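The values are calculated or read from the model by the stated rules, or taken from the named source; none is laboratory data. Keep in mind the model is a prediction, meaning the values are calculated, not measured. Here Cβ is always computed from backbone atoms with ideal geometry, including for glycine, and neighbour counts include all displayed protein chains.
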Amino acid sequence: MSDVTPTEMPVPAPAPGPGRPLIEVHNLVKHFGPVIALAGVSLTLNSGEVHCLLGDNGAGKSTLIKTLSGVFRPTSGDFVVDGEQVSFASPRNALDRGIATVYQDLAMIPLLSITRNFFMGREPVKRRLGPFSFIDMEHADRIAREEMRNIGINVRDPQQHVGTLSGGERQCVAIARAVHFGAKVLILDEPTSALGVAQTAVVLKFVRQLRQKGLGIIFITHNVRHAYAVGNRFTVLNRGRTLGTFRKAQITLDRLQTMMAGDKELAVLDEELGGTV
Amino acid sequence: MAEQPVTTTARPTTATIGDERLARQSAVHRIMARPALGAFAGVVLVFVFFGTVANGTGMFAADGVLSWSTVSAQLIIVATGAALLMVGGEFDLSVGSMIGFAGMMIALPTVYFHWPIEVSVLFAFGGALAIGFLNGLITVRTKLPSFIVTLASLYILRGLTIALSILFSNRTIVAGVKEAAGDSFVSWLFAGTIGNGLFVWLANHDLIAQLPNGEPSVKGIPMVIIWALGLAAIAHVILTRTTLGNWIFGSGGDANAARNVGVPVNRVKIALFMFTAFCATVYAACQVFEFGSAASDRGLLKEFEAIIAAVIGGCLLTGGYGSIVGACFGALIFGVVQQGILFTGAPNDWFRVFLGAMLLVAVLFNNMIRRRVTAER
């Protein structure tokens, strides 16, 4: 492993003290022309916590995470990472500060091998010849296999196509990749929304594991059950504002569900459907 | 056919810890996952067919082999560029027009402005790369399908080729390149032969036929074959072994996903358009120096032949999947069938019928493979 290139960072040892704030935003505002997508959102993400971001469609979840991950620049408001005021020009900047985002569908390329996906954009280089850098495929295969084993996915061959993995496994590979390349903060955008029950369990288990390792995780979902299974704190967004942040002990599943739907409508619907929503 | 750098040394361990539900299938699976498989089967098929039907027609004598391998090599040159670009998720329909235009960029300055031949050749390559760059830039900037952008280039370049050759020379075939080139090394570089001594030796030992004047029936290996093998080998290594190759797969497989992890997708695509233009110019130069002239209808329909070869070779039209080795097999099938039909004396019209059928079969086969290999669940 002495020939590891600088492009490949070792897994970081996160600071042990849990509760250290990794990301703090205060009064974040984002306008798109006349549309006010975020009207002053504040939230804190600590290390070793899963902070669930809940809200219905149009609540501003996507805008918020895209701002945190460097896709959008906030119109106004404070954005502090590791105690330092930041302004990201691109997702690359956010990545450099250890903030990685795993999007629901845009994470993996099914036609490519696990190894090629895992190292896409950050390939370990064996040697250079003129303008060309040769990939150290054996090393890459080994790392990919180890990382997969750590998550508990047995792969026959890391050269097998990602398309042969299940949805939950793909999501886990994408997350493991972000962690491998030094993410301290993970933003997971609806990681379970397209998955079946068993597959969801695989992902939630992995998220819980990472929480114990001291990473800070922002978990976006509109499934309150999934959020409640792994979350320490919950922030509910509605129409570009926060309806508050709650510790798990402070709030029940039902209350979260109702808040998320904007209180009234769902309660009525819930009665009509006999409590199945 | 090692188009994927699968590490054989790592196998035994996987077999023991692998998923027992899948392990039995894996050998078949791995072979099926090779994009070039279908094309390889096709090559075997056409050789068996013509080996039987055209045996004794001279198709497999030295000069016969030369004829179909030259035709195949020409197509390999452009198919290599097309395949790499297709894996990168784009098309270039201007390849054929580029061949005509590049030929004119060599011939016109040489014959009518008396530029040294070396300068004209450099000018042609420079011009072609610039046009490839433009094709790429327009495609990535406008986000229009490259199909449309390069369809425009197809017409623009073909029109320019005819218009400029008439403007400067008042004809559509510009001859006299051979005379102007003399014994310049570029003439040898694109239309010479190598291994001449070997072929004399082979002829003297009756291993290949001799002409009545005692010369061997084949002088040597034409440079067009060397170019084809060289370009294909380099493209193959780049695609399978380098970071750039990984980025090409990523750009074609899912440009957004690749961008999210920092792959410079736009630069990769522009470089690929430049490479197809480069390949087209190599093709053009080989023809110009072989015939000693440039003609404004050169390269007609070559863009489709290049794409067909790439598709037969396993490239997916949607990008992100394919191989150079496969595209070479595709081109070889092309050359063997085209010349084989001549040797057997069958009407040449059947060649197109065969091509269309072959394309259809290849696409169906590729789709089936892709479903089985990647999207089973």
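Go through region B:274-304 residue by residue and tally those that are assigned to a helix (DSSP H, G or I) and more than 14 Å from the chain's Cα centre (by Cα).
7
Suppose we filter region B:224-257 for residues that are in contact with a strand residue (DSSP E or B) (Cβ under 7 Å, 6 or more places away or on another chain), buried (at least 21 other Cβ atoms within 10 Å of the Cβ) and more than 10 Å from every other protein chain (Cβ to nearest Cβ); how many remain?
Total satisfying the criteria: 0.
Taking region A:179-236, which residues are of a type in the set (Lys, Arg) and within 11 Å of the chain's Cα centre (by Cα)?
Initial filter on region A:179-236 (of a type in the set (Lys, Arg)): A:184, A:205, A:208, A:211, A:213, A:225, A:233.
Result: A:Lys184, single match.
Hey, does region A:137-150 have a residue that's closer than 30 Å to A:Arg225 by Cβ, at pLDDT below 85 and hydrophobic (A, V, I, L, M, F, W, C)?
No: region A:137-150 contains no residue that is closer than 30 Å to A:Arg225 by Cβ, at pLDDT below 85 and hydrophobic (A, V, I, L, M, F, W, C).
Could you grab the pairs with beta carbons closer than 8 Å, sequence gap of 6+ or different chains, first residue in region A:206-223 and more than 18 Å from A:Asp189 (Cβ to Cβ), second one part of a loop (DSSP other than H, G, I, E, B) and at pLDDT below 90?
Hits for this filter: A:Lys213/A:Pro14; A:Gly214/A:Pro14; A:Gly214/A:Ala15; A:Gly214/A:Pro16; A:Gly214/A:Pro18.
Restricting attention to region A:125-143, which residues are buried (at least 22 other Cβ atoms within 10 Å of the Cβ) and more than 9 Å from chain B (Cβ to nearest Cβ)?
A:Ala140, the sole residue that qualifies.
Out of all the residues in region B:311-343, which are of a type in the set (A, V, I, L, M) and either modelled with pLDDT of 90 or more or more than 21 Å from B:Ala258 (Cβ to Cβ) (or both)?
First, pick out the residues of region B:311-343 that are of a type in the set (A, V, I, L, M): B:311-312, B:316-317, B:324-325, B:327, B:331-333, B:336-337, B:341-342.
Selection gives B:Val311, B:Ile312, B:Ile324, B:Val325, B:Ala327, B:Ala331, B:Leu332, B:Ile333, B:Val336, B:Val337, B:Ile341, B:Leu342.
Determine whether region A:206-229 contains at least one residue that is within 19 Å of A:Asn150 (Cα to Cα), basic (Lys, Arg) and in a helix (DSSP H, G or I).
yes
Count, please, the residues in region A:144-193 that happen to be hydroxyl-bearing (Ser, Thr, Tyr) and either within 12 Å of chain B (Cβ to nearest Cβ) or in a helix (DSSP H, G or I) (or both).
We begin by selecting, within region A:144-193, every residue hydroxyl-bearing (Ser, Thr, Tyr); these are A:164, A:166, A:192-193.
Of the ones still in play, those that are also either within 12 Å of chain B (Cβ to nearest Cβ) or in a helix (DSSP H, G or I) (or both) are A:164, A:166.
Of the residues in region A:144-193, 2 are hydroxyl-bearing (Ser, Thr, Tyr) and either within 12 Å of chain B (Cβ to nearest Cβ) or in a helix (DSSP H, G or I) (or both).
Find the residue count for region A:119-143, including only residues that are in a helix (DSSP H, G or I), over 24 Å from the mean Cα position of the chain (by Cα) and closer than 20 Å to A:Ala178 by Cα.
Here the count works out to 4.
Has region A:20-36 got any residue that is in a loop (DSSP other than H, G, I, E, B), modelled with pLDDT of 90 or more and crowded, with 18+ Cβ neighbours inside 10 Å?
No, region A:20-36 contains no residue that is in a loop (DSSP other than H, G, I, E, B), modelled with pLDDT of 90 or more and crowded, with 18+ Cβ neighbours inside 10 Å.
Six or more apart or on different chains, Cβ atoms under 6 Å: show the pairs whose first residue is in region B:312-336 and more than 12 Å from chain A (Cβ to nearest Cβ) and whose second is of a type in the set (D, E, K, R).
Listed pairs, sorted by first residue: B:Ser323/B:Glu3; B:Val325/B:Glu3.
Does at least one position in region B:61-76 carry a residue that is assigned to a loop (DSSP other than H, G, I, E, B) and either farther than 21 Å from B:Gly335 by Cβ or touching a helix residue (DSSP H, G or I) at 6+ places or on another chain (Cβ under 7 Å) (or both)?
No - not one qualifying residue is present in region B:61-76.
If we scan region B:121-139, do we find a residue that is more than 14 Å from B:Thr281 (Cβ to Cβ) and exposed (fewer than 15 other Cβ atoms within 10 Å of the Cβ)?
There is no residue in region B:121-139 that is more than 14 Å from B:Thr281 (Cβ to Cβ) and exposed (fewer than 15 other Cβ atoms within 10 Å of the Cβ).
Of the conditions (1) touching a Gly at 6+ places or on another chain (Cβ under 6 Å); (2) surrounded by fewer than 15 Cβ atoms within 10 Å (Cβ to Cβ); (3) among the aliphatic types (A, V, I, L, M), A:Ala198 clears all except one; give me its number.
Looking at each condition in turn, A:Ala198 falls short on (1).
Mind checking whether some residue in region B:137-145 is within 20 Å of the chain's Cα centre (by Cα) and hydrophobic (A, V, I, L, M, F, W, C)?
Looking for residues that are within 20 Å of the chain's Cα centre (by Cα) and hydrophobic (A, V, I, L, M, F, W, C), one finds none in region B:137-145, hence no.
Does region A:64-109 hold any residues that are within 9 Å of chain B (Cβ to nearest Cβ), at pLDDT below 85 and in a loop (DSSP other than H, G, I, E, B), and which are they?
Result: A:Tyr103, A:Asp105, A:Leu106, A:Ala107, A:Met108.
When A:Thr115 is evaluated against the numbered criteria (1) touching a residue at least 40 places away in the same chain (Cβ under 8 Å); (2) in a loop (DSSP other than H, G, I, E, B); (3) in contact with a helix residue (DSSP H, G or I) (Cβ under 7 Å, 6 or more places away or on another chain), which criterion, by number, is the only one it fails?
(2)
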